[in-house]
Amino acid sequence: MQTDYDAIIIGGGPAGATAAMTLRQAGRKVLVLEKEKFPRFHIGESLLPYNRPIFDELGVWDKIQSAGFMRKRGAQFWMGDGSMHTRLNFSRGSFTEFPEAIQVERAKFDDILLRHAEQLGAEVREETLVTSHQVTQDRVTIRVKAKDGSEQEVSAAFLVDASGLNNFTANREKLREYYPGHKKIAIFGHYSGVLMTEGEEKGDILIVRRKNSWFWMIPLADDKVSVGLVLDLNDFKELKQEPQAVFDEAVATTAAVRDRMMNAQAITQGHVLSDFSYTNKKLVSDRVVRVGDAAGFIDPIFSSGVMLAMHSAQKGARVVDEALKAGRTMTFAMKRYEWSTRKHVGRFWQFIEKFYTKHFAQLFFQPSNKFRMVCAINCVLAGRPEMNFATWWRLKFFFGLVWIQKRFALAKPIEIG
Ligand SMILES: Cc1cc2nc3c(=O)[nH]c(=O)nc-3n(C[C@H](O)[C@H](O)[C@H](O)COP(=O)(O)OP(=O)(O)OC[C@H]3O[C@@H](n4cnc5c(N)ncnc54)[C@H](O)[C@@H]3O)c2cc1C
């Protein structure tokens, strides 16, 4: 079979760059097609500790470290009225090897990853929009449009779709499914003059829980904080107000955020994103593997997006390499990739789904480390991909307690907001 490349990757975000690096490490000829010119703004700024082993394996950690990103040692969960909070300290985990993560400006972070992929030998074409794909028995053909309007076709043995929420191939194949009852909207921007925690807790992400919505506050630099509000799309529509007005009103009525933002100044325009929680019916098909958000995205509450994107991209690229070696268009390893990716995402989904319920919040905000349950939760929320029996049964136990809390008050039945 004669093709231009072993693999073409749509998208140069963290998933696309990771897939490109991994395939280059395996000696494959790779083309990355990216519609934007990097560096470019992107949401998704708080990373998890289990990103670190991937950075090491890709050989990019030194570059990330020297970029001077903010260290993140923990995640704080606050009640909106400021009455209560709890902190997940990543170093406090019998089951977690990586004690900290980083907070990143995605423009800079994504650029480091993409440039590293280029240095490893991937061909990267920016300002190049993929407009169609066609899979035939012996190749994948991609049509692209460059910035000057010129169009071209390129072909490869495999296609890795890392197009993020654009969900390029799955949308064209009508594979996207939204999580029922989980339609959200996020309104966000960068601010200076925000009062964040100092000392050992400097760099922590703050999640502030309101009745049916929540804020994130992510310190990106000494005087730059990303602040975002996530709420139900239906609630937003009922308010019949502009996004910025909804955001400002939520700040004004949430003491834990308002007190920190007394002297805040917006330093970017406000951004809005909605309908970002979905899954795809298929993650693999003949000659195609979907990775990162193009495999599905759940919810930003536990900052799992970039970590899941990079994990799935690394695994996805490895199964592509194996299929190329075997000269096959579909392999058992590709199906196993789909299964294990869904399982990893599912572990976060059980926390996300429950996070929006009152009885979960009541236990989560009043944690007990009996039987090292907090350590087990810590390990999942740090992003550990494999779970051993020791963490598995503790999580089952924790969710059992959540079930009981709904019926009998084990923890103090606090009000949420
Ligand atoms: C409100 C919100 C808050 C979030 N907060 C966090 C957080 O704090 N921490 C975290 O880890 N994650 C967070 N995420 C998730 C995170 O943003 C994503 O999971 C992550 O960016 C996925 O990386 P990716 O490479 O799959 O996709 P992306 O980073 O979106 O990259 C996809 C790339 O593909 C390109 N592309 C798309 N279509 C085409 C095309 N047709 N042709 C060429 N190029 C194309 C795009 O330009 C883009 O550069 C958040 C998400 C949302 C919605």
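Per the conditions (1) of a type in the set (G, A, S); (2) closer than 25 Å to P14 by Cβ; (3) surrounded by fewer than 21 Cβ atoms within 10 Å (Cβ to Cβ), the sole criterion not satisfied by A75 is (3). Here is the figure for the stretch 83-107: residues that are within 15 Å of the ligand (Cβ to nearest atom) and at pLDDT 90 or above total 8. In the stretch 289-321, the residue that is modelled with the highest pLDDT out of those that are of a type in the set (S, T, N, Q) and near the ligand (Cβ under 9 Å from one of its atoms) is S312.
Taking every residue in the stretch 139-160 that is free of Cβ contacts under 8 Å to residues at least 12 places away in the same chain and more than 14 Å from I9 (Cα to Cα) and pairing it with any residue that is among the small types (G, A, S) and assigned to a strand (DSSP E or B), at least 6 positions away or on another chain, the pairs with Cβ-Cβ distances below 8 Å are Q152/A146. Determine, yes or no, whether Y356 is at pLDDT below 85 and hydroxyl-bearing (S, T, Y). So Y356 fits the description; yes. Of the helices (runs of 4 or more DSSP H) contained entirely in the stretch 345-417, those carrying at least 3 residues that are within 25 Å of K315 (Cα to Cα) fall at 373-381, 389-407.
The residues listed here are L175, L195; of these, the one that is touching a Lys or Arg at 6+ places or on another chain (Cβ under 7 Å), surrounded by 14 or more Cβ atoms within 10 Å (Cβ to Cβ) and not small (G, A, S) is L175. Before we move on, is M334 more than 16 Å from the ligand (Cβ to nearest atom), part of a loop (DSSP other than H, G, I, E, B) and either aliphatic (A, V, I, L, M) or buried (at least 20 other Cβ atoms within 10 Å of the Cβ) (or both)? No. Report, by residue number, each residue of the stretch 351-388 that is farther than 20 Å from S304 by Cα and polar (S, T, N, Q). Q362, Q366, S368, N369, listed by residue number.
Under the condition of being within 16 Å of the ligand (Cβ to nearest atom) and either part of a loop (DSSP other than H, G, I, E, B) or in the same structural domain as L381 (by TED's automatic domain parsing) (or both), the residues counted in the stretch 108-122 number 1.
In this structure, does A67 turn out to be among the aliphatic types (A, V, I, L, M), surrounded by fewer than 21 Cβ atoms within 10 Å (Cβ to Cβ), on the phi < 0 side of the Ramachandran plot and modelled with pLDDT of 95 or more? For A67, the condition - among the aliphatic types (A, V, I, L, M), surrounded by fewer than 21 Cβ atoms within 10 Å (Cβ to Cβ), on the phi < 0 side of the Ramachandran plot and modelled with pLDDT of 95 or more - is met. Of the residues M307, M330, the single one that is in contact with an Asp or Glu (Cβ under 6 Å, 6 or more places away or on another chain) and assigned by TED's automatic domain parsing to the domain that holds E57 is M330. Got a number for residues in the stretch 198-233 being part of a helix (DSSP H, G or I) and surrounded by 23 or more Cβ atoms within 10 Å (Cβ to Cβ)? Residues meeting the conditions: 0.
Hey, can you tell me all the residues within the stretch 1-41 that are within 17 Å of the chain's Cα centre (by Cα), crowded, with 24+ Cβ neighbours inside 10 Å and more than 7 Å from the ligand (Cβ to nearest atom)? The answer is A17, T18, A19. Hey, does the stretch 222-234 have a residue that's of a type in the set (S, T, N, Q) and within 30 Å of L33 (Cβ to Cβ)? Yes, some residue in the stretch 222-234 is of a type in the set (S, T, N, Q) and within 30 Å of L33 (Cβ to Cβ).
The values are calculated or read from the model by the stated rules, or taken from the named source; none is laboratory data. All of these numbers come straight from a predicted model, not from anything done at the bench. Reconstructed Cβ throughout: ideal geometry from the backbone, glycine too, with neighbour counts over all protein chains shown.
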